[in-house]
Amino acid sequence: FPRYVATPLAGLLNVKEKIRLKATPNAVLEKFYAATTKHPKQADVEMLSKKSGCTVRQVERWFRRRRNQDRPSLLKKFREASWRFTFYLIAFIAGMAVIVDKPWFYDLREVWKGYPIQGMLPSPYWYYTSALSFSWSLLFSTATDGERKDFKEQIIHHVATIILISFSWFANYIRAGTLIMALHDSSDYLLESAKMFNYAGWRNTCNNIFIVFAAVFIVTRLVILPFWIMHCTLVYPLDLYPAFFGYYFFNFMMVVLQLLHIFWAYLIIRMAQKFITGKARGGLGPPFPLPAQVVEDERSDREETDNSEEEEEAAAAKNGPLSNGHPILNNNHRKTD
C-alpha cells in the first residue's frame with residue numbers, strides 16, 4: 001500500500017519533504033544517545049563537550065539533529081495516515097453493512113434477546129477478525145514509533161480495545177461489539193483524512209474535514225456511546241440474568257475507553273479554543289490551522305529547530321550540504337571563524 005497507493009497519492013497532492021540536517025558521526029555522542037538518554041541535561045552536555053572535543057553549542061545541536069533523524073519523515077507520516085484512512089473508511093462501511101439490517105441496530109434491547117445462545121453469521125466473524133488484527137498492528141506500530149505526548153494513552157487504548165474485542169467474542173457479546181466498533185470507525189477515518197490534507201498543505205480542506213470530525217467525535221463518543229451503548233451494556237442485561245464476572249469486566253473496560261475519549265475530546269476542544277482565539281502555536285490565527293496543531297502539537301512530538309537551525313537549512317537548500325554548522329567551501333574561498 002505505501003509503495004503503490006500512498007506514495008503516488010503523495011505526489012499528486014504535492015507532499016514535500018523538509019530538508020533535514022544530519023548529525024555528524026560522533027562515537028562518543030552516539031553511544032550516550034543510544035545507551036543513556038536522547039535528552040541530556042546541561043551537566044551531561046558539558047561532560048560530553050569535554051569528552052568529544054565539541055563545544056557545548058555543537059553538542060546541543062548534534063542531539064537536536066539526531067533526534068530529528070529518528071522522527072518519521074513527512075512522507076512516512078502521510079503514508080501511515082493514508083493507510084489508516086483507507087482501513088477505517090472500509091471498516092466503517094463494512095461495519096454499517098454488517099449491522100444496518102440487524103434488529104439490534106434499531107432496538108438496543110435486541111442485543112440481549114436470547115443471550116447467551118445467539119447465532120453467528122459470517123459477516124460479524126470477518127468484521128471481528130479484521131478489527132482485532134488491525135488493533136494488534138496499531139499496538140505494535142505505536143510501541144515502535146517515535147516519542148508521542150500521548151504514548152501511554154495510545155497504548156492503554158489499543159490494549160483496552162484488544163481486550164474488549166477478544167472478551168466480547170468469548171462471552172458472546174458480539175452484537176454489542178459490532179455496534180461499538182462501528183461507532184468508533186465513524187470518526188476515525190475523518191481524522192486520518194484531515195492529517196493527509198494537513199501534510200499536503202491543503203489548509204482549507206483540512207480545516208473543513210476537522211470540523212466535521214470534531215462534531216462526529218463528540219456526538220458519537222461523548223453522547224451516543226455513554227448514554228446509549230453503555231446504558232445498553234450496563235442496564236438491559238440485568239433484566240435478563242444476574243450479573244457475573246464477564247458483565248463487570250466488560251463494562252469496566254468500557255469505562256476505561258470512555259475516560260480516554262474524554263481525554264482526547266479535551267485536547268480537541270482546547271486546541272479549538274486556541275486557534276479560534278488566535279492563540280495557537282506559531283502565532284497562527286484564522287484561517288484555522290487546527291488539525292496541524294492537534295496532530296503535531298498535542299498528539300505527537302514535533303521536529304525541533306531554532307533560528308540558527310532554520311538558517312542552516314535554508315543555506316543547505318541553496319548552497320548544498322553543510323558541515324559542522326558551516327557550508328562546505330570550495331577552493332576559491334577560505335573559512336573564517
When you go through (1) assigned to a helix (DSSP H, G or I); (2) touching a Lys or Arg at 6+ places or on another chain (Cβ under 8 Å) one by one for GLN118, which number turns out not to apply?
-> (1)
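Yes/no per residue for (1) without any contact (Cβ under 8 Å) to a residue 40 or more places away in the chain; (2) under 24 Å from GLU80 (Cβ atoms); (3) open to solvent by 30 Å² or more (accessible area, probe 1.4 Å):
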| position | (1), (2), (3) |
| --- | --- |
| VAL111 | no, no, no |
| PHE151 | yes, yes, yes |
| ILE155 | yes, yes, yes |
| SER168 | no, no, no |
| ALA171 | no, no, no |
| ALA200 | no, yes, no |
| THR205 | yes, yes, yes |
| THR220 | yes, yes, no |
Looking at the range 61-79, is at least one residue among the acidic types (Asp, Glu), modelled with pLDDT under 90 and part of a helix (DSSP H, G or I)?
-> yes
Look through the range 240-254, keep the residues that are in contact (Cβ under 8 Å) with a residue 12 or more places away in the chain and not hydroxyl-bearing (Ser, Thr, Tyr), and return whichever of them is farthest from GLN154 (Cα to Cα).
-> LEU240
What single numbered condition from (1) among the aliphatic types (A, V, I, L, M); (2) over 30 Å from ALA194 (Cβ atoms); (3) surrounded by fewer than 19 Cβ atoms within 10 Å (Cβ to Cβ) fails to hold for LEU89?
-> (2)
Hey, which of the helices (runs of 4 or more DSSP H) in the range 146-247, taking only ones fully inside, have at least 2 residues that are touching a Pro at 6+ places or on another chain (Cβ under 7 Å) and of a type outside the set (Phe, Trp, Tyr)?
-> 174-200, 203-219
Run GLU17 past the list (1) open to solvent by 90 Å² or more (accessible area, probe 1.4 Å); (2) under 30 Å from PHE78 (Cα atoms); (3) free of Cβ contacts under 8 Å to residues at least 40 places away in the same chain and report the number of the one that doesn't hold.
-> (3)
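The values are calculated or read from the model by the stated rules, or taken from the named source; none is laboratory data. Quick caveat: nothing in here was measured; it's all calculated off a predicted structure. Neighbour counts are summed over all protein chains in view; Cβ atoms, including those assigned to glycine, are modelled from backbone coordinates with ideal geometry. Quick note on the areas: whole protein, heavy atoms, side chains included, nothing else; ligands and nucleic acids left out. Shrake-Rupley method; radii C 1.70, N 1.55, O 1.52, S 1.80 Å.
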